[in-house]
1. Is it true that some residue in segment A:287-295 is surrounded by fewer than 24 Cβ atoms within 10 Å (Cβ to Cβ) and on the phi > 0 side of the Ramachandran plot?
2. Need the failing condition index for residue A:345 against (1) surrounded by fewer than 16 Cβ atoms within 10 Å (Cβ to Cβ); (2) touching a helix residue (DSSP H, G or I) at 6+ places or on another chain (Cβ under 8 Å); (3) under 18 Å from residue A:509 (Cβ atoms), just the number.
3. Inside segment A:228-262, can you point out the residues that are in contact (Cβ under 8 Å) with a residue 12 or more places away in the chain, at the interface with another protein chain (Cβ under 8 Å from one of its Cβ atoms) and in a loop (DSSP other than H, G, I, E, B)?
4. Do we have any residue at all in segment A:71-86 that's closer than 29 Å to residue A:203 by Cβ, crowded, with 24+ Cβ neighbours inside 10 Å and within 14 Å of another protein chain (Cβ to nearest Cβ)?
5. Could you list, in sequence order, all residues of segment B:16-61 that are in a helix (DSSP H, G or I), surrounded by fewer than 17 Cβ atoms within 10 Å (Cβ to Cβ) and within 7 Å of another protein chain (Cβ to nearest Cβ)?
6. Among A:483, A:494, which is the only one that is in contact with a strand residue (DSSP E or B) (Cβ under 6 Å, 6 or more places away or on another chain) and either more than 25 Å from residue A:573 (Cβ to Cβ) or in a loop (DSSP other than H, G, I, E, B) (or both)?
7. Please state which one of B:72, B:105, B:87 is farther than 30 Å from residue A:29 by Cβ, modelled with pLDDT of 95 or more, over 19 Å from the mean Cα position of the chain (by Cα) and not in a loop (DSSP other than H, G, I, E, B).
8. Which numbered condition in (1) closer than 20 Å to residue B:45 by Cβ; (2) within 13 Å of chain A (Cβ to nearest Cβ); (3) buried (at least 20 other Cβ atoms within 10 Å of the Cβ) is the only one that residue B:168 fails?
């Protein structure tokens, strides 16, 4: 360890020591605290993106409305989409990677704790950069897909697109750094006996998503660099008069964009694959097939991008190929759904809030999946594209899917992270309000879309047959908002005086439930030895017991006995906190911001980043 | 690239890895896999826009193949010296390590310097990044490759200085090996770029 630091340690700032207080959160490298930071930050962005959605719905509630002007409307739908994808669903998923993965594989931390902190701080500063446009009255307005040449300076001279492009470049760095870290963590830090086919499905999906990220984000990085070069250095990548091709942007964006869809949904699928077995008291049906389906979805996701471009005139052969590959995605996805249903079948089902959220995921995702198959067919897509039918589809998979799945994760792992339970009654209120509000909002959009209502228009004429369902959708959006308020109240109450959770409130199956809630900094006093799939369930009930009812009384009593994490472990050395991740992250973001605010800022950012990196490399392992 | 310089930092102590591969080595391999997609996208952009410029100068009017072949050869030779640097630290030869690290950085610098000279000449012949699609895609692709080489030179010089300070003992040969992985990757990418951009008629 730390051989560069051997002899006289090269140290600029003393290594921070605080374990409590404000600074301890800024400098922490503990995966659990970073997970909490990710979760809280993503939730704040969720509220911002939610307010943006409510404003959009208010504007569309009645025809000929002038609550918002068209320019502000463009900014709102652009920032709503960009925020929900890059600042909510992705980081909320990463929050669970951080919270659950090291615990599930029996590790004490991730492979690179400081790199983990760096990912978080780049995410925060990048998210702020992306949102700075609001303060300057020039938020991004080119849609989350930022089609060039519409986003070129000639058509979009303000700094909005620069905030968008540079913010996403910075955020991409955070995602990739996190993905590298989790790939190495999962491949390298598994406890003895934790073979690949014994890994919990959530850990599997984290691995798959991390590979998707490291192979998808370089492509959007190149596209964004080309756009930024066009806007700032006068290059011709997407300048039509110089021969630049608008389709190049679309190809690059969607080669990233479609894997990105699975980057958003696979973590939620992983959560659901954890929650359903626990609350059905049965092992996951067809574990291996669920894992392989996740991998298959990831592979196929790189071969479907042009289904976003059916109306660009790619020709019948290209269209036919992408129709076929797109429909092929339905196969592994359908396999997963059948396995989830079969997991429930014959189980002794406990309808706690995490399970309700997971069931919400499965049912809503089926609807979204089916509408997805309808616009996999090119002629059908030509009718549906750019209408509210598509808006309905992707909200059924990304809200009905990802958000329900992630809320299942919040309710499921909340006791592990806080040591306290969330209130079940309030949880059920949250679930039912959200389910009803969600369907009120988005189901009518199917009919609006098929009736020809176009996306991205800031208002519509009366008497088109769209008035009633638009009002219903707006009411539904506020029902969703109410459900989120119920959740926030529940969370606040739980933190103050929630019932104590104990180590294993759900009678869990995976290793995170073997240790105290919240876990000690070192997680496991003794690194566990894994004897099979559902490692903690095996410890508790032995190999013969598939369900609790079958567990012999003698072994069932072991559930009160805890072989891991009870003994005090004073000699376990965890890495110290560090200032350098936050310094390096700030440097990177200032460097990017310099494209908008002036090169002097890029210079400062570059110096700060270099200082952070060098001090990081020569930082002794402990002060 | 900072991790190539940070032996064991960040890794949780005394935890043997499941694959038997060092964390940092695995990190570098995954990074290089990802970087393939980065260069892949830049190269594809260049190939798609090949011959699509609406005005000159065009590649055949600009390129000086013998000149660039020499600088490509220099870069390839730096892979040889990189291997020699790793062999030196593995047999505990600190002097050899420093000589070959410096030689690798020097060859890399000759390549980057050659690229700077080439760019300057091209600009004098009217090829700027703004003038046409060829200029746009050529400078972006080769510029990002040059930036990668520059980062590699900074890593090599940092390792050289670390060795001078006596902080790079033979037990840390892995750090040199990982820096070498990056260096060889950047060389291989140049072979692809050189073939597709300069040699393809």
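The values are calculated or read from the model by the stated rules, or taken from the named source; none is laboratory data. The shown structure was predicted, so the numbers you read here are calculated from the model rather than taken from an experiment. Note that each Cβ is placed from the backbone with ideal geometry, even for glycine, and that neighbours are counted across all protein chains shown.
1. no
2. So residue A:345 meets the others, but not (2).
3. Once the filter is applied, which keeps residues that are in contact (Cβ under 8 Å) with a residue 12 or more places away in the chain, at the interface with another protein chain (Cβ under 8 Å from one of its Cβ atoms) and in a loop (DSSP other than H, G, I, E, B), segment A:228-262 yields A:237, A:244.
4. no
5. B:33, B:48 - these are the residues of segment B:16-61 that are in a helix (DSSP H, G or I), surrounded by fewer than 17 Cβ atoms within 10 Å (Cβ to Cβ) and within 7 Å of another protein chain (Cβ to nearest Cβ).
6. Details: A:483 fails: in contact with a strand residue (DSSP E or B) (Cβ under 6 Å, 6 or more places away or on another chain).
It is A:494.
7. One residue alone meets the criteria, B:87.
8. Exception for residue B:168: condition (1).
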